[in-house]
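The structure under discussion appears below in the form of structure tokens.
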Amino acid sequence: MATQKYLQFDGNILLLGFGSVAQGLLPLLLRHVDVPASRIAIITGDDRGREEADAFGVKFEINPLRRENFRAILDARLARGDFLVNLSVDVASAALIEFCAEREVLYLDTCIEPWPGGHTDPALSASQRSNYGQREVALALRQKFPQSATAVLTHGANPGLISHWVKQGLVNLARDILGASEIPVSQPDWARLAMRLGVKSIHCSERDTQVSLPRKRLNEFVNTWSVDGLISESTQPSELGWGSHEKHFPADGYEHRSGARSAIYLGRPGALVRVRTWTPIQGPFHGFLITHGEAISIAEYLTVRDGDKVVYRPTCHYAYHPCDDTVMSLHELVGRNWVTQEKLRLLRDEVTDGVDELGALLLGHERGAYWYGSQLSVHEARKLAPYNNATSLQVAAGVLGAVIWAMQNPQAGIVEPEQLDFQRVLQIANPYLGPVAGVYSDWTPLQGRNYPFAEDLDNEDPWQFKNILVN
Ligand SMILES: NC(=O)c1ccc[n+]([C@@H]2O[C@H](COP(=O)([O-])OP(=O)(O)OC[C@H]3O[C@@H](n4cnc5c(N)ncnc54)[C@H](O)[C@@H]3O)[C@@H](O)[C@H]2O)c1
């Protein structure tokens, strides 16, 4: 087991939110960062995790942040050189980023959240409410704070590690297809490598096979990570980075009118949109196309432009098969006309078996399909760290890697996962990811589609989103 202390941190660390991810992270932080427990504190919205915090001697306070009180609460607890690790739901990331930039406090979150109601605010357009819109607002803070302390946006497993797996996957493809060994350094170099390799589409493909006892009951929503987080993102419209090779714009697709315009959104919530995808253990399956930050940031990062013209961009999106009981929970939620179930349950200690297979599926190059990512079982996760299941440990490992990177690069400004040193982050995260595999496949979304009444397929190019989408 990895026990190395990577650095000494002299500031205070404030964990905001103490749900599945933060509870999984705390033992890793104490193991790998030389900081006394007395300089770590937790502010959260409910009682979950109190026992764990007590066991580690970390101060635990229930004091939910709201638009009206967050400055006062944080001002009393954070000063220059401290670190705010935001693992909450329902607290606006942009407000916290601004607060931290003003005070030279280091910052990290794992997704960009609005204040409650932000995803459904009728005063905002659908584009403004989207992840794309939220990202534009957060990135615009770079103009206001061009030299701020490091603020890492959206860095868990996905978004987070997935951007580094994409880079490692491209490096491996370059080795196998081009016989090339140099590692790109700049954004244009990475984008040109993806273009040269002919990568047309990138899935963040995830198959979670964790099972737990008791099974999901009637009118209950269960999940292996935040129940609130998943309900929120699966009820938002699907979003995807839109590739330059695409010839068929989706019938219910919408373009954004401002910003880099690297992504589009669909007029349907992610819980109703399924896509064909593949992972090494499961093989082919249908995943939900749920909106996620990496779909936008990876697509934008790998764009090649000639002036204003987009010459190349891969299509990028999430393709998520949650654990079976969560699929049933989503199915029930939709059937209830989106009225949230009476009972919500986060599955951790009751998980009995299963693997979270999570990685980057790079499609359309000379070798067809290549998946690179983590195949962490719940049994291995438990051996590696307490207070975790496979899913939370993958996320916590990504947070740990990025927190340590930020501590060692404290003046990097507002950055996305693509701007971090991917090798350094993976070096820190890898000991917690179980088998990390790179696997080729001859899978295409056209396989087995010769049945009667097959949809209107594009047989010329298997990697068209039209072929990947389940109608
Ligand atoms: N990038 C990734 O790979 C990834 C993966 C999983 C989760 N996430 C995100 O990480 C975050 C945490 O996930 P989780 O599974 O730990 O969630 P969780 O639902 O288990 O925990 C959320 C925590 O936030 C706290 N909270 C709620 N309202 C608050 C408020 N107003 N002020 C302070 N705290 C508040 C809750 O009390 C709880 O402790 C979520 O935003 C989730 O979407 C990202």
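Bear in mind these aren't lab numbers, they're just calculated from the coordinates by the rules spelled out. Please read all numbers here as calculations on a predicted model, not as lab measurements. Methodologically, a virtual Cβ is constructed for each residue, glycine included, from the backbone with ideal geometry; neighbour enumeration extends over all protein chains shown.
Quick one: which of K247/K309; K144/K309; K200/K247; K5/K383; K59/K343; K167/K200 span more than 23 angstrom between C-alpha atoms? Before the final figure, lay out the partial values.
Details: K247/K309 17 Å; K144/K309 27 Å; K200/K247 12 Å; K5/K383 19 Å; K59/K343 29 Å; K167/K200 15 Å.
Exceeds cut-off: K144/K309; K59/K343.
Just check the range 346-443 against the gyration tensor rule for me: Cα atoms, a ≥ b ≥ c as the square roots of the eigenvalues, rounded for a/c under 1.5, and otherwise prolate or oblate depending on whether a/b exceeds b/c.
Details: a/c = 2.39, a/b = 1.03, b/c = 2.33.
Cα axes put the range 346-443 in the oblate bin.
How large is ³J(HN,Hα), in whole Hz, for each residue of the range 82-92 in order, when computed from phi with the Karplus curve 6.51 cos²θ - 1.76 cosθ + 1.60 and θ = phi - 60°, using x for Gly and Pro?
7, 10, 9, 9, 8, 10, 9, 10, 6, 10, 5
For the charge dipole of the chain, defined by +1 on Lys and Arg C-beta atoms and -1 on Asp and Glu C-beta atoms about the Cα centroid, which residue among N223, L347, G293 has the Cα displaced farthest towards the positive pole?
Result: G293.
Relative to the longest principal axis of the C-alpha atoms of the chain, give the angle of the C-alpha long axis of helix 161-173, reported between 0 and 90° and rounded to the nearest 10°.
40 degrees
To the nearest 20 debye, what charge dipole does the range 7-152 have about its Cα centre, counting +1 at the Cβ of each Lys and Arg and -1 at the Cβ of each Asp and Glu? Provide the component values of the computation, followed by the final result.
Values: 15 positive and 19 negative charges, 58 e Å.
Using Cβ point charges on Lys, Arg, Asp and Glu, the range 7-152 gives about 280 debye.
Please sort by residue number the trypsin sites (Lys or Arg not before Pro) in the range 102-155 whose DSSP state is loop and whose Cβ has at most 15 other Cβ atoms within 10 Å. Intermediate values should be presented prior to the final figure.
Details: sites: R103, R129, R135, R142, K144; in loops: none.
Sites meeting the loop and neighbour criteria: none at all.
Give me Y301, Y254, Y318 sorted ascending by neighbouring Cβ count inside 10 Å, so fewest comes first. The partial results should precede the final answer.
Details: Y301 23, Y254 17, Y318 27.
The most exposed by this proxy come first: Y254, Y301, Y318.
Using a Förster radius of 30 Å, what is the FRET efficiency between M1 and D54 based on their Cβ-Cβ separation? Nearest 0.05, please.
Step by step, r from the Cβ atoms, then E = 0.80.
Karplus couplings for the range 274-281 from phi (6.51 cos²θ - 1.76 cosθ + 1.60, θ = phi - 60°), rounded to Hz, Gly and Pro as x?
Residue by residue, the range 274-281 yields 10, 10, 7, 8, 7, 9, x, 6 Hz.
Can you give the charge dipole size of the chain about its Cα centre, rounded to the nearest 20 debye, using +1 on the beta carbon of Lys and Arg and -1 on the beta carbon of Asp and Glu? Mind showing how you got there, number by number?
On the way: 44 positive and 55 negative charges, 60 e Å.
Dipole of the chain, to the nearest 20 debye: 280 debye.
Round to the nearest 10 and give me the degree value, 0 to 90, for the angle of helix 93-103's Cα axis relative to the longest principal axis of the chain.
50 degrees
What is the chain by shape, rounded, prolate or oblate, if you read a ≥ b ≥ c off the alpha carbon gyration tensor as root eigenvalues and call it rounded for a/c under 1.5, prolate for a/b larger than b/c, and oblate otherwise? Mind showing how you got there, number by number?
Details: a/c = 1.42, a/b = 1.30, b/c = 1.10.
Because its axes are fairly even, with a/c under 1.5, the chain counts as rounded.
Could you pull out every residue, at least 5 positions away or on a different chain, whose amide H is within less than 5 Å of the one on F60? Hs are placed 1.01 Å off N in the peptide plane, and Pro or chain starts have none.
Those lying under 5 Å, H to H, from F60 are I42.
How do I97, I296 rank when sorted from fewest to most other Cβ atoms within 10 Å of their own Cβ? Write out the running numbers ahead of the final one.
Working: I97 27, I296 32.
By the 10 Å Cβ count, ascending: I97, I296.
Tell me, E332, E357, E98, E239 in order of fewest to most beta-carbon neighbours within 10 Å? Numbers along the way, then the final one.
On the way: E332 15, E357 25, E98 19, E239 29.
Listing E332, E357, E98, E239 from fewest to most nearby Cβ atoms yields E332, E98, E357, E239.
With equal scatterers on the alpha carbons only and no solvent term, can you work out the Debye log10 of I(q)/I(0) for the range 198-273 at 0.17, 0.19 1/Å?
For the requested q values the scattering log ratios are -0.85, -0.97.
Amide H to amide H under 5 Å from E104: which residues, 5+ apart in sequence or cross-chain, H placed 1.01 Å off N in plane?
Amide H neighbours of E104, under 5 Å, 5+ apart: A149.
Between N430 and S186, what is the spin-label point distance in nm, taking each point 7 Å from the Cα along the Cα→C-beta axis?
Reported label-point gap for N430 and S186 is 2.8 nm.
Using helices alone, I'd like the mean residue ellipticity at 222 nm for the chain: each DSSP H run of four-plus residues gives -39500 (n - 2.57), total over residue count, nearest 500. Can you show the working numbers first?
Working: 15 runs with 147 residues, N = 471.
Using -39500 (n - 2.57) per qualifying helix, the result is -9000 deg cm²/dmol.
Whole-Hz Karplus ³J(HN,Hα) for the range 465-471, in order, using 6.51 cos²θ - 1.76 cosθ + 1.60 and θ = phi - 60°, x for Gly and Pro?
4, 3, 7, 7, 5, 8, 6
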